[in-house]
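Presented below is the structure to which this report refers.
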Amino acid sequence: MTKGPVITGIDVHEFKFEVRNMERTGRGAAQYVAGGKSHITNVALVVHTDVGITGEYINSRITDADAIRLLADIVIGQDALEREYLYAETKRATQQVGRLGVGLIDIALWDIAGKFHGAPIFQLLGGHRRRLPTYASTWNGDESPGGLSTAKDYADFAEQCLDMGYPAYKIHPWRNGPVQRDIEMALEVAKRVGGKMDLMWDAACKYETLADAVKVGHALDEAGYYWYEDPYKDTGMSAFGHKKLRQLVKTPLLMTEFVRMLEPHVDFAIAEGTDFLRADPDFDGGITGTMKIAHAGEGLGLDVEVHASNAARRHAMAAMRNSNYYEMALVHPNAGPYNPPVFLNGYSETLEDIGSDGCVAVPEGPGLGVEHDWDFIMKNRTDGVEYR
Ligand SMILES: [Mg+2]
């Protein structure tokens, strides 16, 4: 029997990059400040093998990267191609800590598999889509003037995205503040671009009560929104609460970003708590876990929308029939970038990366198909650990 490359070590590098025109207040989230500066920390994971092939994966999940210490001993010494075995073992090893880190390891292993077989991941998955319809996914609103601080700002930016080719626009409203301000903004944006692009609303679990979530939901119904995502402060965990919400609001709900891995996704769907399912390769056990959710959704006749932006997401979505839009997250009219500038072969994840067909491309090179700028990563490295 053919043996795959044996995993010999794992490196975790933390590095930071600058975000233009954003400033942090205290430990809170960054806000638009003209001329301001803030930094985002990302993680570069490298999985080494005995044949010299490395799996590389860059992401923003610092807490997941911390959990690699629980997984290193399970993974090192194993066949890098035996992803289903390693998925099950790493999932069990982290069952007490929310399955942190499982996805990061799995994605690096898919990168190894692609390089070993000389094929892009989407092709190993049997995928066919080379271009993915994409929505512009905004930062949260700003409380200081400029940026996304008014309903008009959000509508202007929607129009800009429409002109750039985006067929859809997802609003993350202000992090806090009155429900009425959100409702007025949702209606204003729909008045400007409704009917010309699909509109989504992601409250990221901000509303204090189910009643507030219903109130906003009625405005989204009136304006014809495409989906309503993570409305209230159960933090996306109550299937029963969302079944109730679905009886009161017409706009399709998109839930399950904040439950991890396959089984809770299926339970949530069967409990009728959502219309769309959400899958995230980092949170849900990698590309392996994401495809399990995609196929579970397919079996239930549901669509599965992939969360956030990077090459791992593009490959997974390219191999899914039942998925509508790729998320370009997060974009802002005059701040950013949100994603690190660490790709060498023309690949990037910024507002400007949309094609005139309203799509982004799926990388065609082996594995994830992206080359990393290691000079940048090592120059901006803030911490790290090597497991052998
Ligand atoms: Mg979300």
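The values are calculated or read from the model by the stated rules, or taken from the named source; none is laboratory data. Just so it is clear, the model here is predicted, and its values are computed rather than measured. Every residue, glycine among them, receives a Cβ derived from its backbone with ideal geometry; neighbour counts consider all protein chains shown.
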Q. Does at least one position in segment 168-186 carry a residue that is part of a loop (DSSP other than H, G, I, E, B), hydrophobic (A, V, I, L, M, F, W, C) and free of Cβ contacts under 8 Å to residues at least 24 places away in the same chain?
A. no
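Looking at segment 143-167, which of the residues that are among the acidic types (Asp, Glu) and assigned to a helix (DSSP H, G or I) is nearest to the ligand (Cβ to nearest atom)? Spell out the reasoning first.
Restricting attention to segment 143-167, the residues satisfying the condition of being among the acidic types (Asp, Glu) are 143, 153, 156, 159, 163.
Narrowing the set further to residues that are assigned to a helix (DSSP H, G or I) leaves 153, 156, 159, 163.
Numbers: 153: 20, 156: 23, 159: 23, 163: 25 Å.
Residue satisfying both the conditions and the ranking: 153.
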Q. So is residue 140 within 16 Å of the ligand (Cβ to nearest atom) and not aromatic (Phe, Trp, Tyr) or not?
A. yes
Q.
If residue 375 satisfies all but one of (1) outside the structural domain of residue 53 (by TED's automatic domain parsing); (2) more than 22 Å from residue 140 (Cα to Cα); (3) acidic (Asp, Glu), what's the number of the condition it fails?
A. (1)
Q: From (1) touching a Gly at 6+ places or on another chain (Cβ under 8 Å); (2) outside any strand (DSSP E or B); (3) within 16 Å of the ligand (Cβ to nearest atom), pick out the condition that doesn't hold for residue 199.
A: (2)
Q.
I'd like to verify a number: residues in segment 122-142 that are out of contact with any strand residue (DSSP E or B) (no Cβ under 6 Å at 6 or more places or on another chain) and either outside any loop (DSSP other than H, G, I, E, B) or not charged (D, E, K, R) (or both), how many?
A. 9
Q) Before we move on, is residue 84 under 23 Å from the mean Cα position of the chain (by Cα) and either part of a strand (DSSP E or B) or modelled with pLDDT of 95 or more (or both)? A) yes
Q) What do you reckon, is residue 108 free of Cβ contacts under 8 Å to residues at least 60 places away in the same chain and hydrophobic (A, V, I, L, M, F, W, C)? A) no
Q) Name the residues in segment 344-379 that are surrounded by fewer than 19 Cβ atoms within 10 Å (Cβ to Cβ) and in a loop (DSSP other than H, G, I, E, B), would you? A) 344, 345, 346, 348, 350, 355, 356, 357, 364, 365, 371, 373
Q.
Regarding segment 306-326, can at least one residue be identified that is more than 19 Å from residue 110 (Cα to Cα), of a type in the set (A, V, I, L, M, F, W, C) and surrounded by fewer than 24 Cβ atoms within 10 Å (Cβ to Cβ)?
A. no
Q) Name the pairs whose Cβ atoms lie under 6 Å apart, with the first residue in segment 343-357 and of a type in the set (Gly, Ala, Ser), the second surrounded by 14 or more Cβ atoms within 10 Å (Cβ to Cβ), and 6 or more positions between them or separate chains? A) 356/165
